[in-house]
There are 2 protein chains.
Amino acid sequence: MTKLIECIPNFSDGRNQKVIDGLVEIAKNVKGVTLLDHSSDTSHNRSVFTLVGDEEGIQEVVFQLVKFASENIDMTKHQGEHPRMGATDVVPFVPIKDVTMEECIAISKKVAQRINEELQIPIFLYEDSATTPVRKNLAKIRKGQFEKMPEKLLEEEWQPDYGERKIHPTAGVTAVGARMPLVAFNVNLDTDNIEIANKIAKIVRGSSGGWKYCKGIGVMLEDRNIAQVSMNMVNFEKTPLYRVFETIRFEAKRYGVSVIGSEVIGLTPAKALIDCAEYYLQIEEFNYNKQVFENHLLN
Amino acid sequence: MTKLIECIPNFSDGRNQKVIDGLVEIAKNVKGVTLLDHSSDTSHNRSVFTLVGDEEGIQEVVFQLVKFASENIDMTKHQGEHPRMGATDVVPFVPIKDVTMEECIAISKKVAQRINEELQIPIFLYEDSATTPVRKNLAKIRKGQFEKMPEKLLEEEWQPDYGERKIHPTAGVTAVGARMPLVAFNVNLDTDNIEIANKIAKIVRGSSGGWKYCKGIGVMLEDRNIAQVSMNMVNFEKTPLYRVFETIRFEAKRYGVSVIGSEVIGLTPAKALIDCAEYYLQIEEFNYNKQVFENHLLN
């Protein structure tokens, strides 16, 4: 069985079609790699690529993309709404099939080292690859953004994991790491009171004492005039969707509010949903890898 | 995207290792086909192969297997507990990916015709490929088994769909057809009263007025001393698992009985379970093909 690893590199250009085309050209032409999706946002001035590949292919394609970005994106001229610190801003590796988190961490370190040695871009390891607790959090690494990175790297605690305390003059700094797949999961409430969604979000999210691998905020769906608990499930194995869903349901009751629906945004691993079916159907001793037909078809 | 078709041919030999090895050898060596599983049962004296392949490959491998079986299995000498009528007893084609039921029916007919023309085995089309309502049901086609087939084929209503009213002297008769994937789904009750399981099975199964694509009986799990509703879900898209599960739950309540668990036996398509997650999590507008990550990895 081939190990499958996903990688979702973010590049700081969403406007220059020649740069985007160049990245796509590379992404489509590395053996053992499939480009599943790419999208560019002009207001963010940022492009996100979704790649999946075997162990060798994914490392090679990421290096080639980062090299191309470092040669074609000039951060000294970059403007856009999304926080950013490098031509390649962030490179997360995600275990998909027959590969452990430990193996993905090892891959992230190998790629980080090669990027630094061959391209002289300083690297912070983040998420599960992080070398200090504060570096798990991308927002904390990126704080100050490209413009303040030269000073930040001189601060005691911000020695890069690879490279010296000096940004690449045009490509800045890149964060590389391994993380679990993320599921964007929103739960809709039959209330127009955003405060209720805010309170419930605070209850379910890990940062304020709730489920450890859930991030959440309350938002208003203006077109439907309903409040929503909008979440990122950052480890659906350790904090399953159904557990958060049922928590929202029983917390909403306190306000006489019901759950009227939910949304999964974008892609989800099949297992995040099948784990929920297992719970609700009370399936005993289900073996996901062996019993799901499609798992026998993946390479 | 490659069309993927599953085929689960059943051969009437589960004892002669040379025959089994010969079938495996063929199954592993046709381009575009993967042998997912095969199992042989000596008391049934029968072997079941699970293959998946593209449109061309699946047709070729099935023909080669049927040819080998017709040359190496002699039904005049066959004994075994399982009902059977041919060296290759039954050949179901199942749509898996990017292929419609109509296309699978067309494939089943092409293979049936080739088997008859080149091997002189008479064929009944069954399940979704059937040409008369009674032929949808394999048990009705097979009734009388190999030994009574010569007379049966002479009966008015049993003219084979391909071939003459005469069995192949050693290979008998084969049923070929297309059907939906089948999910074996059992629901456990906290009662030792099999009558309750029987009554509920009668309520949920299509044949006695319940959910059309559910077959079910009550069985006793002797080792746990509990009764079970044991089911085959023969079209999980039209009769989803959760609908039958919830029916069993509310019908059991009448007897003060609870559902204490369920089992999925063997393989299930991911969608059969993800459809249930969608229901219980109340997911709005989920696009299975696009939003499930793994669907982008299958060829």
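Each value in this text was obtained by applying a stated rule to the coordinates, not by laboratory testing. Remember, it's a predicted structure, so these values are computed and weren't measured experimentally. Glycine gets a Cβ as well: all are built from the backbone with ideal geometry, and neighbour counts include every protein chain shown.
Taking the Cα centroid of the range B:200-235 and of the range A:43-74, what is the distance between the two, rounded to the nearest whole Å?
Computed from Cα coordinates, the inter-centre distance equals 53 Å.
Sorted by mean Cβ packing within 10 Å, highest first, what order do the peptides B:27-37, A:167-177, B:198-208 take?
So the peptides B:27-37, A:167-177, B:198-208, ranked by packing, come out A:167-177, B:198-208, B:27-37.
Ordered by packing density, taken as the mean number of other Cβ atoms within 10 Å over each peptide's residues, highest first, how do A:50-63, A:8-21, A:209-222 rank?
Ranking, from highest mean packing down: A:50-63, A:8-21, A:209-222.
Taking every pair of alpha-carbon atoms in the range A:181-296, what share in percent sits in each 5 Å bin, from 0 to the bin with the longest distance?
2, 12, 22, 22, 18, 12, 6, 4, 2, 0
So which aspartates and glutamates can residue A:18 reach, going by Cα to Cα under 19 Å and dropping same-chain residues fewer than 8 places off?
A:37, A:41, A:71, A:74, A:89
Gaussian network model of chain B, Cα springs within a sub-10 Å range: biggest mean-square fluctuation belongs to which of B:245, B:286, B:93?
The residue that fluctuates most here is B:286.
Using a label point 7 angstrom from Cα along Cα-to-C-beta, what distances in nm, from shortest up, separate residue A:150 from the other copies?
From this label point to the equivalent ones elsewhere in the assembly: 9.8 nm.
Compute the orientation-averaged projected area for the protein assembly as shown from the convex hull of its Cα atoms and round it to one decimal in nm².
One quarter of the hull surface, i.e. the mean projection, equals 31.5 nm².
For each pair in A:67/B:3; A:148/A:238; A:202/A:238; A:77/A:152, compute the distance between the two Cα atoms and list the pairs where it is over 30 Å.
A:67/B:3; A:148/A:238
In peptide A:257-266, what is the residue-averaged number of other protein chain Cβ atoms found within 10 Å of each Cβ?
That works out to 4 on average.
Per residue of A:280-290, count partner chain C-beta atoms within 10 Å of its C-beta, then hand back the mean as an integer.
Taking all residues of A:280-290 together, the mean is 6.
What are the nm distances, shortest first, from residue B:288 to its equivalents in the other copies, labels at 7 Å along Cα→Cβ?
Result, one decimal in nm: 1.9.
Rg and Dmax of chain B, Cα atoms, in Å?
Spelled out, the Cα radius of gyration and Dmax of chain B are 20.5, 60 Å.
Residue A:220 to residue B:246: FRET efficiency via 1/(1 + (r/R0)^6), r the Cβ-Cβ distance, R0 35 Å, to the nearest 0.05?
Between residue A:220 and residue B:246 the formula returns 0.60.
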